[in-house]
Structure formats: C-alpha cells, structure tokens
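Scroll down for the structure; my scribbles are underneath it.
Just so it is clear, none of the values below were taken in a lab; they were calculated from the coordinates. All values reported here derive from a predicted model rather than from experimental measurement. All Cβ positions, even for glycine, are placed from backbone atoms using ideal geometry, and neighbour counts span all protein chains on display.
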Amino acid sequence: MKNRILIVDDSFYMRTMLKNMLTDAGYEVVGEAANGQQALEMATATRPDLITLDVILPDNTGLDVLKGIRQEQPEVKVVMCSAVGQEVIVNEALESGATAYIVKPFSEEKVLEIVGAALQDASSDQA
C-alpha cells in the first residue's frame, strides 16, 4: 500500500516541487493545502499517513496547525519544512509533536530520507 501524504505550503512552487519528489519516489500525494485552514480540513478529509507542513502560512502558523492536527490525528507523522531554521522554532515544533524538521532549501535526497524514516517509524509503531 502506498503511503499517503498531504503537502501544506503557501508557495505553489514548493508544493509542486515536493509533490514531484514524493510521487516520483512512489508516494501518493492525497492533497495540497496553501494555508492552515485548508490544511486542517484536508487532513481530516484525507487521513494521510504523513503531512509536510510549512511553518509560515498566510492565515496561521505551522505550529498552530501542527497542534490542531495532533488533537485530531495523534498518529499522523508531520514533517515541518521551512526556511525558518531558528533553534527555538525547531525545538518548539518537535516538542509540539513534529516527527522531523527540514530547513529550506533542501535536497530531494534529504526530503526522501526524512519522509522515509518518519514513515518507517509509523509502520514499526503499528507492528
């Protein structure tokens, strides 16, 4: 079964880049959200295995969206992707339940490595 991924980023370019990387690697991208409200609605509607989540969104912070997702779906893996790499934000994201944090700009290898590791953890959690 393909792992299902939801991409959340306000940048169309970044969503497209992530979608291409992930679909080329054999993942199923179940949706793309450009803001926090869409992200929460799509997470509920699509029940993804993993969500890539930007920290800076037009209507919300990724950290607030992360907390909302955690309340609704504590089992979903969330990988934060952001140009904001300050330690305080990274730590807050991880303390709030993010599985991993990738700082932009990132390489395709790095994204696939982190997504693969996060999903590997998910399948061992269910074993």
| query | In whole Hz, what ³J(HN,Hα) sequence does the range 99-105 give by Karplus (6.51, -1.76, 1.60; θ = phi - 60°), x for Gly and Pro? | reply | 6, 7, 9, 10, 8, 6, x
| message | Quick check on the range 63-127: take the gyration tensor over C-alpha atoms, sort the square-rooted eigenvalues as a ≥ b ≥ c, and tell me if it's rounded (a/c under 1.5), prolate or oblate. | response | oblate
| note | For Lys110, counting only aspartates and glutamates whose alpha-carbon sits under 17 Å away and dropping same-chain residues fewer than eight positions off, the answer is Asp24, Asp54, Asp121
| request: Stick to Cα atoms and the Kirkwood definition of Rh, then tell me Rg/Rh for the chain. | output: 0.92
| Once the Cβ-Cβ distance between Lys2 and Ala83 is put in as r, and R0 is 41 Å, what FRET efficiency do you end up with, to the nearest 0.05? | 0.90
| note | Projecting the Cα atoms of Ile89, Pro48, Ser11 onto the charge dipole of the chain, where Lys and Arg contribute +1 and Asp and Glu -1 at Cβ, the residue farthest towards the positive end is Pro48
| task | For Leu94 and Lys110, compute 0.36 nm times the residue count separating them, minus their Cα-Cα distance, and round to one decimal in nm. | result | 4.0 nm
| Among the lysines, which have Cα under 24 Å from the Cα of Lys67 when same-chain residues fewer than 8 positions away are ignored? | Lys19, Lys77, Lys104
| request: Might you report the magnitude of the Cβ-based charge dipole of the range 1-78 about its Cα centre, with Lys and Arg at +1 and Asp and Glu at -1, to the nearest 20 debye? | output: 220
| said: Can you give the FRET efficiency to the nearest 0.05 for Glu75 and Glu41, using r as the Cβ-Cβ distance and R₀ = 22 Å? | reply: 0.75
